Amino acid sequence: MKYQLEISNILEVSNITKSYGDLKANDNVSLSIKDSSIHALLGENGAGKSTLVKIIYGSLTPDSGEMKWANNKYSPKSPFQARENGIAMVFQHFSLFESLTVEDNIILGLDGVGLNENFSEQIIKYSKQYGLDINPQQVVGDLSVGARQRVEIIRCLMQNPKLLIMDEPTSVLTPQEVADLFITLKKLAADGCAILYISHKLEEVREICSEATILRGGKLVQSCIPQEHSQKELAEMMIGKKLTELARTNINVGETIFSIDNLSRKSDDIYGVNLKNIALKMSKGSIVGIAGVAGNGQDELMELLIGEIPSPKAILNFNGQDIGLLNSHERRQLSMFFVPEERLGHGAVPDMSLDENMLLSRPDSTEMTSHDVIDWEKVAVHSKTVIDTFDVQTPSSRMLAKSLSGGNLQKFMVGRELIQNPELLIVAQPTWGVDAGSANNIHQALIELADKGSAILIISQDLDEILSLCEQIHVLSEGQLSDAVDMKSEGLEKISQLMVGGKV
Amino acid sequence: MIKLIPRVENSTLMVLLSPLLALTLTALSAYLIFIFVLVDIPVSSVFFTLFVEPLIDSYYFSELLVKAAPLMIIGLGLSIGFRAGIWNIGAEGQYVMGGIAGSAVGLYFYNVEALWLLPLMTIAGILGGMFYAGIAAFLRIKYQVNEILVTLMLTYVAVLFLSAMLQGPLRNPSGFNFPESRIFHDSAMLPIIWEGTRLHIGLIVAIILSFVAWFGIKKHMFGMQIKISGSAPRAAKFAGFDDNKTVWYSLLISGGLAGLAGLFEAAGPAGQLTPGLPQFYGFTAIIVAFLARLHPVGVLFSALLIALSYVGGENVQIEYNLPSSITQIFQGMLLFYFLACDILIKYKVILFKT
């Protein structure tokens, strides 16, 4: 046929099923991606997105179902075959050698195809064509996360793909980098490369994707045009239940409850970040957010706030008391509570039961211990309260922490601190790895706590989370904390500028 | 090829059965070895002497308990330290130092007849062991020196120190220059709890200590502290535990108990300080602690089992002229099979073609 009447599909996936034991990771899933389109694959953790993508990319073979690639039967036995067909993938975790240059890294990823002497010119050509700013001679170790992602994308483009799969590409990027990425993706699609965009960030999906396929519990919910649905509707399709609207009912900001006065600390770790002159004031009833890309001093700051490392005198002040030298248990006695980012091994002991893990945070007011003698019945009562209130999915509180899924353990850890009604709650990545429904519950609980007059400090990489919860937003970059950003006059642009260290 | 894959859930039944399984496998292997090694002696009678006689003959049984007591006391201390991930391998050295310190007190008051003497010697013994293990704690905290190496190497120092003491200040003045101390006065000797045997009060102390330790580990935040420090050091900091204190506690407790066992050995079965004080109890107690899965009450039972191998081993040595290393072979196999069973409880074996 000389011309086509309608846009054809580059990839058609029909009735794919893949089981692991009793668990159907993909149950009769179908999906078709049109030529030159940006197609979203939406779903919570465990919805089956990764399984489906691995099947398309040839690293898994389905139990049943079939695929068509450009109208021909397609059943890749390996990623190598997928690449030969013109499918490329940018993984969430990059596979780059830090000590090699950009050019060497790209060459290494090419299965030895298409090498020639003008290689770096070719890189520059792609770089210019798609706005992927990169210098081929730079060493990857010196690049920012965003730049590394650009290297990965160029490496894919060298193979002239017809379909580019991107797994959660924006989770590590600053807002400015996200905007740049979207321009690139749109150009790519316009030039004939379809994109399968995996994400759970609904706003982004509505911005750049022309179609979306939603998975839940391994099954296809539906394929739709994202712009025809509100963000809330999409989220509800993803989680299969109604979401509560987040809103502060009572923003009654009172006097200062917690302040950090000029905190500097050289990291003990050579790869650590040195904190420089950090200053912060928090009022009762306020939710304060610290945004920033991971690895800019968040872990180091958290250690000092929890009290795992003591601070010098007259720097940390809680309710008029200098708490710098108190350890975490003593701080909790004053009603400061903490949720660290790392779950297994920091906020929870993997090889201990939930009951035992309750005891990590045990102010005397809980009566779980008296004179250090443990009352296990009281402990069980408290852990049951946490499990019931925060809907932690577990057969019993005697289960080991490591046997819970990440999201469930997160609910347990956040709940453990929330039932103490903290006057100050410091929480890092409160909803990291938690499904949308539970994230909504956790956010709701945080808001209720602040409405009651407690102060909350949220340290998060998830900018959407910070924007939707916090009245006062700071940015942590290279160990320095910005002043509060005035959202009305400066807004997002200022935040992204600060996130990359003020230099844009 | 063989691959080990972690099991999703560990069977509780198998966790409880694995010591018995290990024991059975050890017995089977011992049987096979005997079949090849023994000439003219029926395997069954060796087995009887090795495993059964110490349990039915009252004298041998009392000797079994005499040997079990120090193993229990040292094993208890080690099991606490091991839970915290503090590897005190040199309990033998602390045992010797405790024995020297306590005996020195007893010998200083050689002519004094008093009720307070034995308690004073006991305290000195505990302090001697604590001091010796404290060296490792100090070096670890102050200079990050590995406690495994320090405790192990100090063991050799302790044994040499013992012989220096016995050739010097603590030598019996009227002992014809033999490197031995005077024989302790009655007030400096442990009370015997089974008339006509060498079984002393140490066994009762061990049983009481094991229940104290059980309470501390199960019902007290101290137990949580050492368990959390051992299995997730960052979580221990999050909970507000001082990790230096964990190191001190672990080493001082295990060292103190080893010292106590050393003094009990000197003031009990030996009745004097001799170069024969170190009997490998400090090392064997490591096996005791692991066979008990570091459980303080379990230590009582595993110590009995290991003591059986000592007494049984000695008996076959005497009766059938078999080498004394039979005891060590037996203990080694037992630990090996036990660890192997544990691996198979936690992991399943997958065979696959390459």
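Details
- For the stretch B:207-254, the fraction of alpha-carbon pairs lying more than 17 Å apart is 33 percent, rounded to a whole number.
- Full extension of the chain segment joining B:L149 with B:S45 gains 33.2 nm, where the gain is 0.36 nm per residue of separation less the Cα-Cα distance.
- Estimated vicinal HN-Hα couplings, Hz - the stretch A:211-228 in sequence order (Karplus 6.51, -1.76, 1.60; Gly, Pro = x): 8, 9, 10, 10, 10, 8, x, x, 10, 6, 7, 5, 10, 8, 9, x, 5, 7
- Whole-Hz ³J(HN,Hα) from phi, Karplus 6.51 cos²θ - 1.76 cosθ + 1.60, for the stretch B:222-238, glycine and proline x: 4, x, 4, 4, 6, 5, 5, 4, x, 9, 8, x, 5, 5, 5, 5, 4
- At 0.692 mPa s and 37 °C, Stokes diffusion of the protein assembly as shown via Kirkwood alpha-carbon radius, µm² per second: 103 µm²/s
- For the residue pairs A:K125/A:K187; A:K162/A:K186; B:K142/B:K218, the C-alpha atoms sit more than 24 angstrom apart in B:K142/B:K218.
- Cα pair count fraction exceeding 19 Å, expressed as % - the stretch B:113-188: 55 percent
- The C-alpha radius of gyration of the stretch B:68-289, expressed as a fraction of 2.2 N^0.38 Å, stands at 1.03.
- Shape descriptor for the stretch A:1-155: Rg over Rh equals 1.02 (Cα atoms; Rh from the Kirkwood inverse mean 1/r).
- Note on chain B: GNM, Cα springs under 10 Å; of B:F36, B:F280, B:F51, the largest mean-square fluctuation is that of B:F36.
- Peptide-level mean, for A:459-467, of C-beta atoms on other protein chains within 10 Å: 0
- Sparse-neighbourhood loop sites, chymotrypsin sites (Phe, Trp or Tyr not before Pro) in the stretch B:95-126 - DSSP loop, at most 15 other Cβ within 10 angstrom: B:Y110, B:W116
- Separation between Cα centres of the stretch A:39-102 and the stretch A:427-504, rounded to whole Å: 33 Å
- If you run the Gaussian network model on chain B, springs between alpha carbon atoms under 10 Å, then out of B:F338, B:F176, B:F138 the most flexible one is B:F176.
- Per-residue mean of foreign Cβ neighbours for A:341-354 is 4 (Cβ atoms of other chains, 10 Å radius).
- For the stretch A:28-43, the residues whose amide N sits under 19 Å from a probe point set 7 Å from the Cα of A:E66 along the beta carbon direction are A:28-33.
- Checking every one of the trypsin sites (Lys or Arg not before Pro) in the stretch A:401-467 against DSSP loop status and a limit of 14 other Cβ atoms within 10 Å picks out A:K452.
- Amide proton proximity set for B:G240, modelled H, under 5 Å, gap of 5+: A:S328, A:H329
- Among B:G99, B:G81, B:G230, the residue with the largest mean-square fluctuation in a Gaussian network model of chain B, with springs joining Cα atoms closer than 10 Å, is B:G230.
- Taking the Kirkwood radius as Rh and the Cα radius of gyration as Rg, the stretch A:256-499 has a ratio of Rg/Rh equal to 0.96.
- Sequence of A:T61, A:T249, A:T431 once ranked by neighbouring C-beta atoms within 10 Å, starting from the fewest: A:T249, A:T61, A:T431
- Simple label model, 7 Å out from Cα along Cβ direction - A:D261 to A:T17, nm: 6.8 nm
- Taken along the Cα-to-beta-carbon direction at a fixed 7 Å, the label points for B:F280 and B:N244 span 4.0 nm.
- Each residue, B:W194 and B:V112, gets one label point 7 Å from its Cα in the Cβ direction; the gap between the two is 3.3 nm.
- For the peptide B:224-234, the mean number of other protein chain Cβ atoms found within 10 angstrom of a residue's Cβ is 5.
- Along chain A, the exposed loop sites are chymotrypsin sites (Phe, Trp or Tyr not before Pro) outside DSSP states H, G, I, E and B with at most 11 other Cβ atoms within 10 Å, and the longest stretch free of them is A:4-270.
- Under-5 Å amide H pairs with B:H185, H placed in peptide plane, nonlocal only: none
- Chain A: equivalent-ellipsoid semi-axes (sqrt of 5 x gyration tensor eigenvalues, Cα, Å): 43, 28, 21
- Karplus-based coupling profile of the stretch A:447-454, in residue order and whole Hz: 5, 4, 4, 5, 4, 7, x, 7, with θ = phi - 60° in 6.51 cos²θ - 1.76 cosθ + 1.60 and x standing for Gly or Pro.
- For the stretch A:256-499, share of DSSP beta bridges that run antiparallel, in % to the nearest 5: 45 percent
- Anisotropy class of the stretch A:287-359 from Cα gyration tensor, a/c 1.5 cut: oblate
- Ranked by how many other beta carbons lie within 10 Å on average, peptides B:259-267, B:340-348 from highest: B:259-267, B:340-348
- Projected-area average for the stretch A:195-243 over all orientations - Cα convex hull basis, square nanometres: 3.2 nm²
- Legend: calculated FRET efficiency, A:K281 to A:S210, from the Cβ-Cβ distance at R0 = 51 Å, rounded to 0.05, equals 0.65.
- Under 5 Å, built H, 5+ apart or other chain: amide partners of A:I426: A:F337, A:F338, A:V339, A:L457
No value in this document is a laboratory result; all are computed from the given coordinates. Values in this document were obtained by computation on a predicted structure and should not be read as measured data. Backbone-built Cβ (ideal geometry, glycine too); neighbour counts: all protein chains shown.
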